[in-house]
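Student: Right, I'll just put the structure down here and ask away after.
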Amino acid sequence: MAQQSVPRIVKTIPANRLAGSGIFLAVILLIPVAYGSDIGGEVVPPVCQYDALGVALPTVPPECSQPFGISNVFGNSGDQAGLISNLGKDPWLLNETMSGGDLTLQFHGTFGAYFPVAGDPLTRGNPTDSNHAFARWFSLTVQNTGTRPWSGFSLELRSDLGLPSDDDDTIGFGEIFNALTLYGPPSSGEFHDANFLHPGFEAFTQDILIFTGGRIAPSETAHFNFLISSNTVQDFYLIQHATAVPEAASGLLSAAGIAVLLLVWRKGSRSDSKEERIQ
């Protein structure tokens, strides 16, 4: 059993900085293609393989021919989610409305091959150059349809909805270098800081992106860009959590506003009384 360690936040490092380091070159020389979807260097055969036309080989599981899509949405009544995929290298678009603090998407199917089909059979499922067997860039747009502002947002991947992710479920946000960093930094147009949370170097039990340093008011939208790597034909889940501004803070702001109005009213009343006495 893996030894437990204290959770820590690890900053992501841009891919262009990694590519210029000697460590990155050494890893590439030792391991040309990292097929494991969780961590670069965890080499396992790709579960799906495709021919030069992008058609799944007859020897792979039938799920390799099933298109990737959303099979279930778990959230409040009225929450919505849609996916727009493409056959090329452009990011896949997720569009959502979210009225509460949590929204979970269940994905079904596989990423498949991209077009034009790569000459190397081992890279036909990944147009991102992340050295995982299969990966896609995602662009998420989510509208806050609730009544409270958001001060943070998180994204978590799980292969089992009831259990945190580990380093053997072959899904992740493009982890490389023993999950110390991600290939291509996740980003947001509204939140300034993006961090990757995992519990330590030896025991990987979470795949969570945490976005902070911003504020999304009701009816406003937030935008996120991130990579998902996958080497499985099983369904997996994207759990989203919005950190709402505490009601106590909203209450204090309201109380402060009322106090200011009362102060202005009292000053106005005193001025009127003084004018009446002078007359």
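The values are calculated or read from the model by the stated rules, or taken from the named source; none is laboratory data. Owing to the predicted nature of the structure, the values given are computational and were not obtained by experimental measurement. We place every Cβ from the backbone using ideal geometry, glycine too, and count neighbours over all the protein chains shown.
Student: Would you check if residue 156 is in contact (Cβ under 8 Å) with a residue 24 or more places away in the chain and surrounded by fewer than 20 Cβ atoms within 10 Å (Cβ to Cβ)?
Tutor: So residue 156 passes the test.
Student: Any idea how many residues of region 75-92 are in contact (Cβ under 8 Å) with a residue 24 or more places away in the chain and either over 21 Å from residue 54 (Cβ atoms) or not assigned by TED's automatic domain parsing to the domain that holds residue 141 (or both)?
Tutor: 5
Student: Something else: Identify, please: which residue in region 53-80 is assigned to a strand (DSSP E or B), touching a Ser or Thr at 6+ places or on another chain (Cβ under 8 Å) and not polar (S, T, N, Q) and is, among those, farthest from residue 121 (Cα to Cα)?
Tutor: Residue satisfying both the conditions and the ranking: 74.
Student: Could you check how many residues of region 66-105 are surrounded by fewer than 16 Cβ atoms within 10 Å (Cβ to Cβ), farther than 20 Å from residue 144 by Cβ and not hydrophobic (A, V, I, L, M, F, W, C)?
Tutor: 9
Student: Restricting to region 39-52, and then to whatever is β-branched (Val, Ile, Thr) and in a loop (DSSP other than H, G, I, E, B), can you tell me which residue is modelled with the lowest pLDDT?
Tutor: 43
Student: Among the listed residues 117, 60, 142, identify the single one that is touching a residue at least 60 places away in the same chain (Cβ under 8 Å) and either more than 23 Å from the chain's Cα centre (by Cα) or not assigned by TED's automatic domain parsing to the domain that holds residue 235 (or both).
Tutor: Selected residue: 117, the only one of 117, 60, 142 that is touching a residue at least 60 places away in the same chain (Cβ under 8 Å) and either more than 23 Å from the chain's Cα centre (by Cα) or not assigned by TED's automatic domain parsing to the domain that holds residue 235 (or both).
Student: Restrict the check to region 17-38 and report whether at least one residue is in the same structural domain as residue 124 (by TED's automatic domain parsing), of a type in the set (Lys, Arg) and modelled with pLDDT under 95.
Tutor: The answer is yes; a qualifying residue exists.
Student: Kindly indicate whether residue 164 is at pLDDT below 90 and in the same structural domain as residue 77 (by TED's automatic domain parsing).
Tutor: Yes, satisfied.
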